[in-house]
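Okay, structure first, notes after.
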Amino acid sequence: MAKLSHYGAKGEVRMVDVSAKAVTTRMAGAQGFVRMKPSVVQAVRRLKNPKGDPLEVARIAGIAAAKRTAEWIPLCHPLPLTHIDVTARLCKNGVEVRSAVTTAAQTGVEMEALVAVAAAALTVYDMCKALDKGMEITDIVLVEKTGGKSGDFHGKPARERRVR
């Protein structure tokens, strides 16, 4: 049975020592969803937002957040990210956010991919909250990860929601 890696022999919280691990190429992808009223979807579609294009601002926020994951999550290693892709797509009932993050490092980038999605979704909320404070951020999940000792993971993505 697998064990939690962020605890020492006496139960103390610790950062995992990855110094003996090989540097390999690692990738992770995540996704999430911001559910909103149809009227907000229409406003975003028509780009009637005084703050700018919520989808583009969210994309940039996700990229910036992925680069600072070690500042968000206390026991994460700061990693040299070699690629970050964040997309925000308008759907009939909200915005789907996806991320893909790559590194050549001694540990994986799952947290960076998840942080990118979370920050992008929060940015969509911030950009649209004047129209709907009842929006819901849901379904933030790791979709896949490749590389590293634990091998590849391919999860089940949330249901397809894209309708432009």
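The values are calculated or read from the model by the stated rules, or taken from the named source; none is laboratory data. None of these values were measured; they are calculated from a predicted model. In this analysis, Cβ positions are derived from the backbone assuming ideal geometry, glycine residues included, and neighbour counts consider all displayed protein chains.
Listing for the model above:
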| read-out | value |
| --- | --- |
| Test: residue in the stretch 89-97 that is in contact (Cβ under 8 Å) with a residue 12 or more places away in the chain and within 27 Å of Glu12 (Cα to Cα) | no |
| Subset of the stretch 59-83 [part of a loop (DSSP other than H, G, I, E, B) and over 15 Å from the mean Cα position of the chain (by Cα)] | Pro74, Leu75, His77, Pro78, Leu79, Pro80 |
| Total residues in the stretch 77-87, condition in contact (Cβ under 8 Å) with a residue 12 or more places away in the chain and surrounded by fewer than 20 Cβ atoms within 10 Å (Cβ to Cβ) | 7 |
| Within the stretch 88-118, considering residues that are over 8 Å from the mean Cα position of the chain (by Cα) and not in a strand (DSSP E or B), the one surrounded by the fewest Cβ atoms within 10 Å (Cβ to Cβ) | Lys92 |
| Which listed residue, of Thr69, Thr138, is in contact with a strand residue (DSSP E or B) (Cβ under 8 Å, 6 or more places away or on another chain) and either within 30 Å of Val18 (Cβ to Cβ) or exposed (fewer than 15 other Cβ atoms within 10 Å of the Cβ) (or both) | Thr138 |
| Subset of the stretch 143-158 (residues that are on the phi < 0 side of the Ramachandran plot and buried (at least 19 other Cβ atoms within 10 Å of the Cβ)) | Val143, Lys145 |
| Condition check for Val117: closer than 21 Å to Met36 by Cα and modelled with pLDDT under 95 | no |
| Within the stretch 58-113, tally of residues that are touching an Asp or Glu at 6+ places or on another chain (Cβ under 6 Å) and closer than 21 Å to Thr146 by Cβ | 4 |
| Residue within the stretch 122-129 that is at negative phi, free of Cβ contacts under 8 Å to residues at least 12 places away in the same chain and either crowded, with 24+ Cβ neighbours inside 10 Å or not in a helix (DSSP H, G or I) (or both) present | yes |
